[in-house]
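Down below is the structure, laid out as C-alpha cells.
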Amino acid sequence: MEFFEDHYLRLVTFLFEGAVQPALYHLGLMEWAEDGYDWLDFFLFGLLQVGVVYVICRPLEAWRPVERGQSARAVRTDVVYTLLARLGLLPLLGFVLFAATQVRLEALVADSGWIPPTLEGVFPSLRETPLLAFAVYVVVLDFFEYWRHRFQHEWRWWWSLHAIHHAQVHMTFWTDDRNHVLDEVLAAAWLAGLAVLLGVPPGQFPIILMVLRLAESVSHANARIHFGWLGERLLVSPRFHRLHHGVLSIGASGKNYAVLLPIWDWVFGTADFRRDAFPHTGAPGTPEAYSRGGWLRQQIEGVRQLARVLRGRGEKPQAPRVPAE
Amino acid sequence: MSLSFMWRAFYPMLLCLALAVPANADMVFVLNSGDASISVLDARERSELRRMPALREVHHAVLTPDGSTLVVGDSGGNELIFLDPSTGELRNRVRVSNPYHLEYSPDGKYLVVASLRRDQVDIYDAGTMALLGRLQQPDKPSHIAFSPDSRFVYVTLQGTGEVVAIDLSTRAAAWTVAVGPEPAGIIWHRGRLIIGLMGSTDFVQLDPTTKAVSRAFSVGRGAHVVVPSPDGRSLYATARVESGLWEVDAETLEVKRRFDVPGGPDCISFDPDGRLWMTLRWLGRVGVLDPRTGTLEQIRVGRSPHGIFVMPRRDGMRADFAAIMPGAVSGSRPLPRPLQARQGEIPADRPVPPVMSAAPSLAPGPSVQPTRNSRRAGLDMPILTVTPVRVETFR
C-alpha cells in the first residue's frame, strides 16, 4: 500500500510542481497554492475512483444484467454527470462561487463564540482510534443522509430536482452522480450544517472513502445481485437500491432510502427486503427532458420545474400503476 | 486490582517504551496536515517512531515561553494540543477557533493565533488562554512575528498583499502597509521585518518605524518563509515554485548559496548540529539538509507535512537551546537579547560554519557565474548554486 501511496504522491507532486503551481504563480494566485494542490489531489483521486468503480462494476453489469439493450445515449449523460462531479469541476465551481461566503459564515460562527464540536470531543475515547472515529462518523452521517434522502422525496419542491436522479430508465453504476446542481448545493449545505453541529469527519482515509464510494456506485449497478438475508440488512445492495429506483417507488411513496446502511429503513419502516424484486426504473410523470435530455437540458428543466412548484403549479408526484417485474 | 487500573498504571511505561530512542538521539515532531497526525522521528536513525493522531488539520507548532511544552495548532479540529517535547506525551488540549499560525510574544505574556480561513487574528493571555481580543482582517491572515519589546505583533495578509501591525497595548491595528503580492512568512531581523512574497521572487524588508518597504533579497519564484540560523550568521529562505532553499548572509542580506530541494520545502527547524530539518510539503517527506556537505536526506512521513520541531535529547541541552544563541534575536519571536545559559546548559556544539568559508565542493561543481536566477533578481554578484548530491530516503 505504501508503494502505491508513494508513487501516487510523486505523480501529484510532479503535476503540481510542473504545471499547476507555475500556472497559479503566473496568474497571481499563489495564495491558493495549497487549495490548488488539494484540487489536483481531488482530481487525480477522482480519476482513480472512476477507474476502480468502472473496473469492478462493469463486469458485474455484463455478468448479470437486469436489463439488456440500454440506451448508450442515456448512459452517456450519466457519464457526464459522474465526470463533472468526480473530477472536481462542479465542486471547483462551487468553491469559486461560495468560498468567500463560507469564510464569512465561518468567521460569523467564530465571532459568536461557538466553536464547532467534534464527536471525538464528546466521546474522548475516539481520539486515540481515528479509524473507529471515522466509522462512527460514517454511521452518523449515513443516518442524516437517510433523512435528507427522505426529504428529497417528500418535499415537492425538492422532489422536482431530485426526480432527475430517478428519471433514468437505464440505470447503471454511472447513475450515482446524476443530480441537479441545485440538489448538489442543497446536499453541501446540509453537510455544512451538520459540520457546525457535529464537526467534520476525519478525511485521512482515502482508501476507505473509495470503498464507500464504490459501494454507492455498486448499489446503482444494472446487476441482478443481492447480498443474501443478512447482507441485505447490513449494506445497500444493487437489489435493495433498484427497488428504491423502481417506478412504484417515486416521490413520497418511496422505499429503501438508505444510502449505505439499510438499518435506517428497517428502523423507520421504509425497508423492502424482497430479494426477488428487480423492477424497472424511472420516474413516470416527470418531464421528458428528465429522462431523455442531456446534462444541460436537464439542468434548465430542473430550474423550470422548481420554479413551477414554488409558484404552486407543480404537480404532486404520483406513483403510476406499473407492475414490478 | 482492576484491569483498567493496571492499564492506567502501565500506560505511561508503555508510552515511554514506544517512544524509547537511543540515548542522545534527538526527536523530531512533524505535523502532517493532510492526514491529521503528528509523526515522531528518531533523528539519528532517520526513522519514524510513532504517529500520533490529531483531530483534523495540524499546521504549525511553537514552544511555550519557558521551553517546557510544544504547542500544536489543529486548525480544522479547533484546538491547541500541548505536548511534552521530550516524550510526546499529551499534557492538555484547549479549544480555540481555527488556529493556523501561532506565536508567543517574547515576554511570554501573549499567544497570538492567525486564522487563515476565518480572516481573524486572536490574542490570548498566554497563562490562562483567555481570549483578550479578536481582530477581523480583510483577507487571509497568514504568518505572525513580534517586535522584541512585545509591543507589536505583525501579521501578513496574503489576500490583500499587506502587513498589519497590531498594538498589543491597545489590542487594535496600529497601521497597515502594502508590501507586495501574497506575503507569507515574516520575521523580525535587526530592527526590520523580512517578508516573503509568494507572488514574486522577492523577500522585502519593512522598516516598522518609517513603514518604508524595499527589496531585501531575491530567490526563486514563489518566495515563502525565512528563518535565522541559530548562530545568527545566516538566514535561510525558501521558494515554492522554484523549489529550493537559499542561504543569505544575515548582515548584508546577500544571497550566498542555493540548494535545490524538491517537493516544496516549507517549515524549517534546526538541530543542534546546524542541520536543517524541513517539511517537503508536496512529497509527504521531511528533508534533512547538512549545509556543510550539501547532503540532503529524505524521510517518509504523512501527507502534506507542514510544521516541524527538533527536540534535542542531549545532556545539558533544552528544547529551546536556540534561545541562548545569537540567532535568538531574529525570527518570529525575537528576544531582546539571547538568554543566559542556565547552569549546566551548553550551547549547540557545532554551529553552521560561516557562509562561503566552507562552501562544499560538490558535483557538478559550484557555479561562480551569475545564474539565470541571479540575473532575474537583478543581482550583480554571482550566486553559488549547490545541488545536493546525495538524496537518501529512509523509511
Checklist outcome for this item: Scoring chain A by relative contact order with C-alpha pairs under 8 Å, at least six apart, yields a percentage of 20
Checklist entry - Taking a probe of 1.4 angstrom, what is the accessible area of residue A:131 in Å², to the nearest 10? => result 100
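For the protein assembly as shown, give the magnitude of the charge dipole about the Cα centre (Cβ charges: +1 Lys/Arg, -1 Asp/Glu; no others), in debye to the nearest 20.
The calculated dipole for the protein assembly as shown is roughly 1540 debye.
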Item to check | Peptide ranges B:49-57, B:153-161, A:205-213 listed from the most packed, as the mean C-beta count within 10 angstrom indicates | outcome: B:153-161, B:49-57, A:205-213
Checklist entry - residue A:229 versus residue A:27, label points 7 Å from Cα toward the beta carbon: distance in nm? => result 5.8
Checklist entry - Counting only other chains, what is the mean number of Cβ atoms within 10 angstrom of the Cβ of each residue in peptide A:107-115? => result 5
Checklist entry - In the protein assembly as shown, what is the count of Lys pairs whose alpha carbons are under 28 Å apart, counting only pairs at least 8 residues apart or on separate chains? => result 5
Checklist outcome for this item: Here, residue B:190 and residue A:268, labelled 7 Å along Cα→Cβ, have an inter-label distance in nm of 6.8
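For the protein assembly as shown, compute Rg over Rh where Rg is the Cα radius of gyration and Rh is the Kirkwood radius from the inverse mean 1/r over Cα pairs.
1.02
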Checklist entry - Kyte-Doolittle mean at least 1.6 and Cα extent at least 18 Å along the axis: which DSSP H helices of chain A qualify? => result A:181-198
Next on the checklist: Could you tell me the center-to-center distance, by alpha carbons, between the stretch B:174-198 and the stretch A:1-77 in angstrom?
Outcome noted: 38
Checklist entry - Got a sec? Which residues of the stretch B:107-155 lose 10 Å² or more of accessible surface with every protein chain in place, vs. that chain alone, 1.4 Å probe? => result B:117, B:118, B:119, B:120, B:134, B:136, B:138, B:140
Checklist entry - For the stretch A:2-310, what is the accessible area per residue in Å², given a 1.4 Å probe and the full set of protein chains? => result 46
Checklist outcome for this item: Each residue of A:20-32 has, on average, a number of other protein chain C-beta atoms within 10 Å of its C-beta equal to 6
Item to check | Dipole-positive endmost among B:243, B:59, B:163 within the stretch B:23-394 (Cβ charges, Cα centre) | outcome: B:243
Next on the checklist: Please list A:264, A:159 from largest to smallest accessible area, probe radius 1.4 Å, with all protein chains kept in place.
Outcome noted: A:264, A:159
Item to check | For the stretch A:2-310, average projected area of the Cα convex hull in nm² | outcome: 18.3
Next on the checklist: Using C-alpha positions alone, give me the convex hull volume of the stretch B:215-329 per residue in cubic angstrom.
Outcome noted: 101
Checklist entry - So, with +1 on the Cβ of K and R and -1 on the Cβ of D and E, and no other charges, what is the size of the charge dipole of the stretch B:108-267 about its Cα centre, to the nearest 20 debye? => result 160
Checklist outcome for this item: Reported to the nearest 10 Å², residue B:256 has, with a 1.4 Å probe, an accessible area equal to 40
Item to check | the stretch A:52-123: trypsin sites (Lys or Arg not before Pro) falling in loop per DSSP and having at most 16 other Cβ within 10 Å | outcome: A:68
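The values are calculated or read from the model by the stated rules, or taken from the named source; none is laboratory data. Model, not experiment: these values are computed from the prediction. Note that we place each Cβ from the backbone using ideal geometry, even for glycine, and neighbour counts take in every protein chain shown. The protein model used for the area step is the full one, side chains on, heavy atoms only, and it has no ligands, DNA or RNA in it. Shrake-Rupley method; radii C 1.70, N 1.55, O 1.52, S 1.80 Å.
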